[in-house]
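Only one structure is covered here, and it is reproduced in the block below.
The values are calculated or read from the model by the stated rules, or taken from the named source; none is laboratory data. Note that the coordinates shown come from a computational prediction; the quantities given were computed from them, not determined experimentally. FYI the Cβ positions are ideal-geometry reconstructions off the backbone, even for glycines, and counts take in every protein chain you see. SASA here: full protein model, heavy atoms, side chains in, ligands and nucleic acids out. Shrake-Rupley method; radii C 1.70, N 1.55, O 1.52, S 1.80 Å.
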Amino acid sequence: VVGEGILKGLAETARNFLGSYVEKDRLTTVQFPEERLPQIEASRSFPFLVYDGTDWQQGMRCVACQICEKECPPKCILIEKSKDKKPDATGKAQFYPAVFDIDISVCMSCQICVEVCPFDAIKMDVDFELSTDDRFGGLLLTKDKLAKSNEYYRTIHPTEAAAVDAALAEERAKAEARAKAAAEAKPAAAAQAQPSAGGEAR
Amino acid sequence: MTETADQIFVLAKHWLLGYAPAGWQPLLSAVLSVVPVLILFPLLFAITTVLERKGLGRIQNRYGPNRVGPFGFFQPIADGLKSLTKEDIVPLTADRVVHLLAPLLLVAAAFLAYGVLPLGRNMVIANLNAGVLYFFAIGSMVELAVFMAGWSSHSKYSLLGAMRAIAQMISYEVPLVLASVVVIMQAGSLSTVTIVEQQARYIGIFPHWFVFTPWGFAGFVLFMIAATAESNRSPFDLPEGESEIIAGYYIEYSGFKFALFFLGEYLGMFATSAMAITLFLGGWSAPLSILTWVPSYLWFFLKLLALIAGFIWIRGTLPRLRMDQLMNLAWKFMLPMALLNILTVGVWHFMPAGILRWLICVVMVVVPFLVLGRGLRREKKFEVRSYRYAE
């Protein structure tokens, strides 16, 4: 009979309507500002700069190599390399970014900057409540706003941060071992190369 | 006491008129009748928008608006402020005058229709002796406004929307009017007041509403389907068709002009609902004779709210029709049903009252329904498409 399906549909929607007042399980909406779902570990919003230690200016891992700036598809990163070198968290003298700006109104959250960074200095943040009434200044994140500690990185992406930390530690240990070996080899080599003119040993 | 409660607005109006000089009384009387309608129905529109959004939300297992004010009931105020402060954009190539006039005409036409609707006992703005005819004549002005909007916007989508709207509204105006003809035949009057008074009688405790007859029920259902199509509401919202032609004929409208369109559409829906109540559901009369102590206007608005709830329920249930389905329904199903219904009311009128009359009239409604319904349901044969030239 014509209209049978319509009546069935009406019964279904009536069941939904009345049911939503009785069974709370039916309403899956999360009332956002008051209630929040737990953060998903894989969520990503915009990039930030990681620093080690407590002082963000000293501990910043970025050495202003400008690879991310060049790779960025929408060109939202602006880096100005410093003229001088400053010691980083491990005490080694490095260049540092005098200016590091990300325009998040342009950024498309593609994560390419994270993938190309050889120093694990730039990572993806999870903060999404970034709305502002200043559409230019408010969306241009400068160095001081971008810098976030490694501890923060560990809290937002624990698995990934642990892997990064392990890799960095391994690399540092290797570098130290190499430096030690070099330091040990140097006097020996110098002693060995005593008769001939120096310089070739290096 | 009940008589006073029932007539309180009429008495208040006469009391106020008593203070006016005799020469001003006709004008003041008109103003006092019109202004409440101009205030009440936009208010009802505001309440309906929030109730509709909440109802649709619940149908889809959501909360609906619940942010502005208690339970989100101040949402219409926020919406109104928003549409008032929004920029009014007119396309460069649009016909500016017609573009401006279209929403005004739509709202004016929607309001004019309320002139003949009895909102309660002795509560009608104008008791025209051709009230029903006037109502449908005014109703056809809506089509003009819609086409003005679609044409003057100078946009492809609006023109497509307007074309759809014209095709749909003209197609459904025929069954709409034919469905109401049965009531006019039985009541023997075109005056809305007389039609309601004829239904405000009781057999035992049961009312004499036209919907409680076979032809009246069929007429009511046909009228409501056609009214849904006339007011461009889902499942007949092809002229709007958000997913196909974005917003149809009002795509180029913004700010308060858009709000006016919205208002006009809802006012049209209320007016046709009120007409359905007047014609089939006994207007302001109580559903049982023991309930006649409740003021008549309360019954009218209760029925109106019930029909609006029905509209919302339908909107939350049915998907949009395709254009050919729309036309098939109008011309192959509703038009023959409405015509046969006129025959049925003739049989009803000339047969003596009794069980036999009921039986014959029920058969006269049900059999065409089943037969025509089979035609609508006829299964399409799906086969691999063959091409004449491409292969």
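On the basis of being within 16 Å of residue B:118 (Cα to Cα) and surrounded by 16 or more Cβ atoms within 10 Å (Cβ to Cβ), does residue B:45 make the cut?
no
The set of residues from the range A:13-32 being open to solvent by less than 90 Å² (accessible area, probe 1.4 Å), facing another protein chain (nearest Cβ under 8 Å) and either of a type in the set (Lys, Arg) or closer than 24 Å to residue B:68 by Cα (or both) comprises A:17, A:20, A:26, A:27, A:29, A:31. Every condition in (1) assigned to a helix (DSSP H, G or I); (2) of a type outside the set (Asp, Glu); (3) within 14 Å of chain A (Cβ to nearest Cβ); (4) farther than 17 Å from residue B:216 by Cβ is met by residue B:304 except one, and the failing one is (3).
Of all residues in the range B:131-168, those that are among the hydroxyl-bearing types (Ser, Thr, Tyr), open to solvent by 60 Å² or more (accessible area, probe 1.4 Å) and without any contact (Cβ under 8 Å) to a residue 60 or more places away in the chain total 1. Of the helices (runs of 4 or more DSSP H) lying entirely inside the range B:1-92, not one contains at least 3 residues that are at pLDDT 85 or above and of a type in the set (Asp, Glu).
Take residue A:103 and tell me if it is touching a strand residue (DSSP E or B) at 6+ places or on another chain (Cβ under 8 Å), away from every other protein chain (no Cβ under 14 Å) and closer than 30 Å to residue A:166 by Cβ.
Criteria not met by residue A:103.
Being open to solvent by 30 Å² or more (accessible area, probe 1.4 Å) and at pLDDT 85 or above is true of residue B:362.
Only residues that are within 14 Å of chain A (Cβ to nearest Cβ) and open to solvent by 60 Å² or more (accessible area, probe 1.4 Å): list them for the range B:330-359, please.
Answer for the range B:330-359, where residues must be within 14 Å of chain A (Cβ to nearest Cβ) and open to solvent by 60 Å² or more (accessible area, probe 1.4 Å): just B:332.
For residue B:38, the conditions (1) more than 14 Å from every other protein chain (Cβ to nearest Cβ); (2) aliphatic (A, V, I, L, M); (3) over 30 Å from residue B:8 (Cα atoms) are fulfilled apart from (3). Inclusion of residue B:330 among residues that are at pLDDT 90 or above and either touching a strand residue (DSSP E or B) at 6+ places or on another chain (Cβ under 6 Å) or over 22 Å from residue B:246 (Cα atoms) (or both) is not warranted. Within the range A:23-39, residues that are over 19 Å from residue B:58 (Cβ atoms) sit with their Cβ atoms under 8 Å from residues that are surrounded by fewer than 10 Cβ atoms within 10 Å (Cβ to Cβ), at 6+ positions apart or across chains, in these pairs: A:36/A:30; A:37/A:30. The listed residues are A:50, A:99, and the only one of them that is crowded, with 19+ Cβ neighbours inside 10 Å and either farther than 16 Å from residue A:128 by Cβ or touching a residue at least 24 places away in the same chain (Cβ under 8 Å) (or both) turns out to be A:50.
Does at least one position in the range A:37-51 carry a residue that is away from chain B (no Cβ under 14 Å), in a loop (DSSP other than H, G, I, E, B), of a type in the set (Gly, Ala, Ser) and over 17 Å from residue A:109 (Cα atoms)? Looking through the range A:37-51, none of the residues is away from chain B (no Cβ under 14 Å), in a loop (DSSP other than H, G, I, E, B), of a type in the set (Gly, Ala, Ser) and over 17 Å from residue A:109 (Cα atoms).
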